[in-house]
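Can you read through this structure? Questions will come right after.
The values are calculated or read from the model by the stated rules, or taken from the named source; none is laboratory data. In this text, all values refer to a predicted model and were calculated from it rather than measured experimentally. Note: ideal-geometry Cβ built from the backbone for every residue, glycine included; neighbour counts use all protein chains shown. Protein only, heavy atoms only, side chains kept; ligands, DNA and RNA dropped before computing areas. Shrake-Rupley method; radii C 1.70, N 1.55, O 1.52, S 1.80 Å.
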Amino acid sequence: MLRRSFLRTTALAAVASIAMLGAAHAENPILKIGFVGVTSGPAAAWGTSNQRSMETRAAWINETGGYDIGGTKYDIEIVSFDDQKDPKRAIAGMEQMAQAGIHYVVGPNVDDGAAAVRPVAEQNDIMYFPYAFPKELYTAPASNAILGMVANYQSGPAIYKYLMENNGVKKVAFVAGNESDPLSQRDSGAAAARELGLEVVSDSVTYQMDTTDFTPVLLPVIQTAPDLLVLSGVSPANAPQLIRSARELGYTGLISTETAQNAAVLAEGAGELANGFISVGGASTPDLASDMMKEFVTRYTAMFGEYNDESNTKVYALEYILATMAANPAAIEDIDAFKATMDTFEAPNPFMVGDAKLKYVGSSSFGQKRQVSVPLVVNVYKDGAFETLFVAQVD
């Protein structure tokens with residue numbers, strides 16, 4: 001009898017303790033941050049990296065007591081919407097965020113979607129962080145969009161110049177999918193190449209996004225004998241197919257893209273034929289990664305069973321949103337307060353070693369600060385993993 005009474009008392013105490021912890025945790029108000037982007041289809045890796053990065057960081061924040069904004073600890077809730085790379089669905093997703101009273105949204109991941117949601121964002125006081133490159137989204141009079149990464153017209157010239165100086169590249173060819181994003185990236189890439197003095201030997205060949213046999217697409221391009229083949233705006237699903245076809249046609253030159261890629265997808269789809277493929281990587285190399293970045297990678301991997309190097313960049317959007325709110329708590333409900341804070345905002349960068357700072361940039365490209373500052377890390381693929389080729393910075 002005594003033992004049963006002791007066990008019952010102990011159990012009740014444990015339940016009470018858990019209840020008290022739950023009550024204490026529940027005292028934190030909830031701050032909802034949205035994500036509208038592509039998490040299915042050929043470009044799924046781009047949006048999945050966003051969503052998983054946000055969910056990993058939010059869970060970490062909540063586990064450690066919440067995020068302090070103006071002396072109040074907030075639990076972070078990520079509200080996600082898969083737009084399937086469809087502008088109409090992106091609009092529906094942003095409208096859903098507006099109905100939920102969400103003022104800060106990460107995404108969309110492509111040009112069409114980012115442009116399509118602009119009216120909804122502006123009409124409903126939503127700041128959004130697209131991973132899309134049209135300059136009109138970030139140039140006045142537009143003011144609600146903040147570029148969450150380095151744009152192709154910033155990374156492309158840096159890649160071409162590096163390859164000119166280190167690999168003797170003189171002739172370049174461009175291939176693009178027949179959609180607005182890759183076509184736009186092709187055009188800006190070709191213009192940048194010409195400005196650098198490269199000979200553009202092909203910039204008119206396109207392919208349909210559902211193409212499975214790229215041999216007839218690439219044959220006329222390979223026949224121009226470029227030193228560098230640029231796969232403009234290529235999706236992670238199409239990249240290995242294009243690389244494989246180019247190599248099987250006998251192309252031995254360099255291949256690059258200004259979009260982020262997935263090492264596991266390259267390994268599965270192209271194997272060793274992808275060795276030497278150059279792409280924009282995450283914003284943190286092993287040498288740059290702080291202990292906090294390393295812990296982020298560990299937590300992400302534990303949550304999802306794998307890691308995408310692109311998340312080294314995608315981790316930043318949520319951090320910028322929360323840190324800017326912390327600098328001006330009025331921004332939680334007032335996006336004008338957020339905008340006013342951006343020009344002078346600066347905070348320690350928790351994901352990099354040294355004295356790196358979180359700050360907004362973009363004055364050179366957009367005439368106003370509408371871009372997060374993350375390092376431009378360019379990778380080269382080798383035997384199933386990315387290695388750092390070089391690191392640069394964008395103003």
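Kindly evaluate Ala58 against the criterion of being within 30 Å of Thr211 (Cβ to Cβ), in a helix (DSSP H, G or I) and in contact (Cβ under 8 Å) with a residue 40 or more places away in the chain. Show your work before the answer.
Numbers: within 30 Å of Thr211 (Cβ to Cβ): no; in a helix (DSSP H, G or I): yes; in contact (Cβ under 8 Å) with a residue 40 or more places away in the chain: yes.
Judged against the criteria, Ala58 is not a match.
Is it fair to say Val297 is crowded, with 17+ Cβ neighbours inside 10 Å, β-branched (Val, Ile, Thr), within 20 Å of Val391 (Cβ to Cβ) and in the same structural domain as Ala98 (by TED's automatic domain parsing)?
On the way: crowded, with 17+ Cβ neighbours inside 10 Å: yes; β-branched (Val, Ile, Thr): yes; within 20 Å of Val391 (Cβ to Cβ): yes; in the same structural domain as Ala98 (by TED's automatic domain parsing): yes.
Spelling it out, Val297 is indeed crowded, with 17+ Cβ neighbours inside 10 Å, β-branched (Val, Ile, Thr), within 20 Å of Val391 (Cβ to Cβ) and in the same structural domain as Ala98 (by TED's automatic domain parsing).
If Thr344 passes every condition in (1) at pLDDT 95 or above; (2) open to solvent by less than 20 Å² (accessible area, probe 1.4 Å) but one, which one does it miss?
Result: Thr344 fails condition (2) only.
Please work out if Phe174 is outside the structural domain of Ser49 (by TED's automatic domain parsing), of a type outside the set (S, T, N, Q) and at negative phi.
It is true that Phe174 is outside the structural domain of Ser49 (by TED's automatic domain parsing), of a type outside the set (S, T, N, Q) and at negative phi.
Checking Ile126 against (1) β-branched (Val, Ile, Thr); (2) open to solvent by 20 Å² or more (accessible area, probe 1.4 Å); (3) under 18 Å from Ile91 (Cα atoms), which test does it fail?
(2)
Here is a follow-up. Return yes or no: is Ala331 of a type in the set (Gly, Ala, Ser) and in contact with a helix residue (DSSP H, G or I) (Cβ under 6 Å, 6 or more places away or on another chain)?
Values: of a type in the set (Gly, Ala, Ser): yes; in contact with a helix residue (DSSP H, G or I) (Cβ under 6 Å, 6 or more places away or on another chain): yes.
Yes, satisfied.
Follow-up question, since we're still on this one. Can you list the strands (runs of 3 or more DSSP E) found entirely within the range 157-274 that contain at least 2 residues being open to solvent by 30 Å² or more (accessible area, probe 1.4 Å) and more than 21 Å from Ala44 (Cα to Cα)? Give the derivation first.
Details: elements: 171-177, 199-207, 228-232, 254-260.
Of the strands (runs of 3 or more DSSP E) lying wholly inside the range 157-274, those with at least 2 residues that are open to solvent by 30 Å² or more (accessible area, probe 1.4 Å) and more than 21 Å from Ala44 (Cα to Cα) span 199-207.
On the basis of being crowded, with 19+ Cβ neighbours inside 10 Å and at pLDDT 95 or above, does Gly71 make the cut?
Working: crowded, with 19+ Cβ neighbours inside 10 Å: no; at pLDDT 95 or above: yes.
For Gly71, the condition - crowded, with 19+ Cβ neighbours inside 10 Å and at pLDDT 95 or above - is not met.
Here's something else I'd like to know. Quick one: in the range 14-42, which of the residues that are open to solvent by 60 Å² or more (accessible area, probe 1.4 Å) and at pLDDT 50 or above is nearest to Glu55 (Cα to Cα)?
Among those that are open to solvent by 60 Å² or more (accessible area, probe 1.4 Å) and at pLDDT 50 or above, it is Lys32.
Looking at the range 208-218, is at least one residue over 19 Å from Glu248 (Cα atoms) and of a type in the set (A, V, I, L, M)?
yes
Also, I was wondering about something else. Mind listing just one residue for me: the one in the range 61-98 that is of a type in the set (A, V, I, L, M) and assigned to a helix (DSSP H, G or I) and, of those, farthest from Ala347 (Cα to Cα)? Spell out the reasoning first.
At the first step, the residues of the range 61-98 found to be of a type in the set (A, V, I, L, M) are 61, 69, 76, 78-79, 90-92, 94, 97-98.
Keeping just the survivors that are assigned to a helix (DSSP H, G or I) gives 61, 90-92, 94, 97-98.
Working: Ile61: 18, Ala90: 31, Ile91: 32, Ala92: 34, Met94: 29, Met97: 28, Ala98: 29 Å.
Looking at residues that are of a type in the set (A, V, I, L, M) and assigned to a helix (DSSP H, G or I), I get Ala92.
Consider the range 143-156. How many of its residues are within 13 Å of Lys369 (Cβ to Cβ) and open to solvent by less than 10 Å² (accessible area, probe 1.4 Å)?
If we filter the range 143-156 for residues that are within 13 Å of Lys369 (Cβ to Cβ), which is where we start, we get 143, 145-147.
When the remaining residues are screened for being open to solvent by less than 10 Å² (accessible area, probe 1.4 Å), the result is 145-147.
Adding up the residues that qualify gives 3.
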